Amino acid sequence: MKFIWSYLKDFKKRLVVSVGLKTLAAFTELLIPYVLEHLVDDIAPTKDLGMVIFWGCVMLLLAVAVRVMNVEANRRAVKISSECAFSIRKDLFRSSLDLSGGQVDEFGLPSLTSRMTSDSYNVQNFLRSVQLMGVRAPIMLIGGIIITLTMDVGLAMILVILAPVMIACVVCISAKGMPLYSVVQQRLDTVVRVMRENITGIRVVKALSKEDYEKRRFGEANDAMSRDERKVGIIMALPGPLVTLALNLGLTLVVLFGAKRVNAGVTEPGVILAFLTYFNMIMMAVRAFNRLFIMMSKANASAQRISAVISQPDELAPVPESEAAVPASDDYVIFDNVSFSYGEGGEDTEARFVGEGRSKALENISFSMKKGSSLGIIGATGCGKTSIINLLMRFYDADEGHVFVDGKDVRSYDKDELHRLFGVVFQNDVIFADTVAENISFGRQVSEEDMRSAAADACAAEFIENYDDAYSHMADIRGANFSGGQRQRILITRALAANPQILILDDASSALDYKTDASLRKAIREHFAETTTIIIAQRISSIMSLDDIIMLDEGRILGHGTHEELMANCPQYREIYETQMGEEA
């Protein structure tokens, strides 16, 4: 729970006011039964109507004061818990963005999503409740027992005996249930993952008529979560009935022995009325303890999950240049004997052959590029093409070897400094629910002239400017209101708009027709001659005119050279060419 308290430090002054109001309200509420006892036993027998009205007004004023202070304390508690949860979510989001590729693979995107949503809500709910029930309950419990001891020690002993037993019951049972909430949150991660996969791939599911199959798959994940929820729910629900049984037993004893003491003249009737009121307050306080323990159990499990992300070390922090490797040549981009493998949690498809006979996604990769040159990378799915980009942009660090950009080890760059060099279109890139202009500029300082020029080069200007609102046209989530080719052209425009030093197109022309693809390549050659270009493609026609081409297979370079050289020396490349182009070498 230290993690939660660390965020409350920023709200100390406001927290003192909120807790102070709740404390004052609780003590004031404890006075009401005491005044009632005084009114019944001391004032009513005098038959002084004026005094009866006076003390009745005192009770009313106390009740109003309690209500006003509780409302204000509750309002402050809600605001503090909301702002504290806001700070936690903000730090969690920032930490999630700063995670390395390996760390993201380890946590998993569904788990990061549930930590941002349900886990942060559990913490917020606990923060609010601890300011309310966590303050009021102990005051009502302890204060009620102390006041009843001053009124009638004999009857108060019933409470003194029962209260520790009930609290021990709540604590012991809750301690067994607390670890199970972590299991439930892990089950929730699985449910979120299945749901996310289905929402993302809804068209594929419908196209293949796999609705029933996916319903069963989701049902299995949902059932597993429900089973664990029922298990922890049953355990955490046990204290409630036990506490109620004990309190009802105590209430019966108070009424029974209280009646005997009144008949014997030992106790006044007003004392019994006050006792019953205090007993009800104490009963509500114990029940509040039970609810608070449940919330604390959930919040503790959730706080640990959130803290695990926020406390992650920065694996991609810049390495001092004195510790970084020095390139052996003056080439602009260099891969020097690089080998790399994904961790067990990796989601990248190129990690699929890990554990299937091979241990590395990339093995002994070496190549270099002059500034302004172009490189094409081709190979079968999962051969390591995207892994090269991941290392070049330092989403991951190489296991062996070094990667250099502009005479520096990529590890010595600040992340922002490195990424500003790139314009990139990833294989599964995203269009956000925003205007076309915002999707292109993406928060960067891109002028309207550069935007329109990039759109023209990407062959996107024509369809964008056909909209009545042109670049102010709103994109749906994931660009659902655009065709596949239109989405790719907007993404290419985004990559070109900031005039990058290095342009990376990872299968970015797969949805483009041959004419548009050829126009794009021509525009890049003419308008981005000083830009170092890397194109990953499945079509040889997209890369055959580039300065160099790498043929990859299972993380190894099978061939490296121009199109003509590979046609002469690389049988695998020649086979792909003959298949795609319908020609023989």
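The values are calculated or read from the model by the stated rules, or taken from the named source; none is laboratory data. Given the structure is predicted, the values throughout are model-derived calculations rather than measurements. Every residue, glycine among them, receives a Cβ derived from its backbone with ideal geometry; neighbour counts consider all protein chains shown. With ligands, DNA and RNA removed, areas are computed over all heavy atoms of the protein, side chains included. Shrake-Rupley method; radii C 1.70, N 1.55, O 1.52, S 1.80 Å.
Scanning segment 225-242 for residues that are in contact with a Lys or Arg (Cβ under 9 Å, 6 or more places away or on another chain), open to solvent by less than 60 Å² (accessible area, probe 1.4 Å), of a type in the set (D, E, K, R) and modelled with pLDDT of 80 or more turns up at least one hit. Residue count for segment 534-571 under the criterion of being part of a helix (DSSP H, G or I), of a type outside the set (A, V, I, L, M) and either at pLDDT 90 or above or over 46 Å from the mean Cα position of the chain (by Cα) (or both): the result is 5.
Within segment 148-164, being open to solvent by 20 Å² or more (accessible area, probe 1.4 Å) and touching a residue at least 60 places away in the same chain (Cβ under 8 Å) holds for Met151, Gly154, Ile158, Leu162. Filter segment 114-136 down to the residues that are open to solvent by less than 40 Å² (accessible area, probe 1.4 Å) and of a type in the set (A, V, I, L, M, F, W, C), then identify the one that is farthest from Glu197 (Cα to Cα). Per the stated criteria, the residue is Val135. Picking from residues in segment 423-458 that are closer than 27 Å to Ile536 by Cβ and among the β-branched types (Val, Ile, Thr), the one that is farthest from the chain's Cα centre (by Cα) is Val446. Restricting Arg305, Arg291 to those that are of a type in the set (D, E, K, R) and open to solvent by 40 Å² or more (accessible area, probe 1.4 Å) reduces the list to Arg291. When segment 392-412 is limited to residues that are closer than 25 Å to Ile492 by Cβ and assigned to a loop (DSSP other than H, G, I, E, B), the one that is most open to solvent (accessible area, probe 1.4 Å) turns out to be Asp406. Contact map, segment 165-186: residues that are farther than 19 Å from Asp223 by Cα paired with residues that are modelled with pLDDT of 75 or more and open to solvent by 60 Å² or more (accessible area, probe 1.4 Å), Cβ distance under 7 Å, separation 6+ or inter-chain. Pairs shown: Cys169/Leu242; Ile173/Leu238.
Quickly run through segment 479-508 and pick out the residues that are in a loop (DSSP other than H, G, I, E, B), open to solvent by less than 20 Å² (accessible area, probe 1.4 Å) and either farther than 13 Å from Ala460 by Cα or modelled with pLDDT of 90 or more (or both).
Within segment 479-508, the subset in a loop (DSSP other than H, G, I, E, B) is 480-483, 498-501, 507-508.
If we keep only those that are open to solvent by less than 20 Å² (accessible area, probe 1.4 Å) as well, we get 482, 500, 508.
Of everything in segment 479-508, those that are in a loop (DSSP other than H, G, I, E, B), open to solvent by less than 20 Å² (accessible area, probe 1.4 Å) and either farther than 13 Å from Ala460 by Cα or modelled with pLDDT of 90 or more (or both) turn out to be Pro500, Ala508.
Condition check: out of contact with any Phe, Trp or Tyr (no Cβ under 8 Å at 6 or more places or on another chain) and of a type outside the set (Phe, Trp, Tyr). Does Ser545 satisfy that? Yes: the conditions hold for Ser545.
What is the residue count in segment 244-292 for residues that are charged (D, E, K, R) and within 25 Å of Val171 (Cα to Cα)?
Initially, segment 244-292 is screened for residues charged (D, E, K, R), giving 260-261, 268, 287, 291.
Right, trim to within 25 Å of Val171 (Cα to Cα) and you get 287, 291.
Matching residues across segment 244-292 total 2.
Counting only helices (runs of 4 or more DSSP H) that sit wholly inside segment 1-113, those with at least 2 residues that are surrounded by fewer than 19 Cβ atoms within 10 Å (Cβ to Cβ), hydrophobic (A, V, I, L, M, F, W, C) and modelled with pLDDT of 90 or more are 12-38, 49-98.
Screening Thr531 against (1) crowded, with 16+ Cβ neighbours inside 10 Å; (2) within 23 Å of Asn364 (Cβ to Cβ); (3) at pLDDT 90 or above leaves a single unmet condition, (2).
Residue-wise test of (1) without any contact (Cβ under 8 Å) to a residue 40 or more places away in the chain; (2) on the phi < 0 side of the Ramachandran plot.
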residue	(1), (2)
Val68	yes, yes
Glu83	no, yes
Gly108	no, no
Leu127	no, yes
Leu132	no, yes
Pro138	no, yes
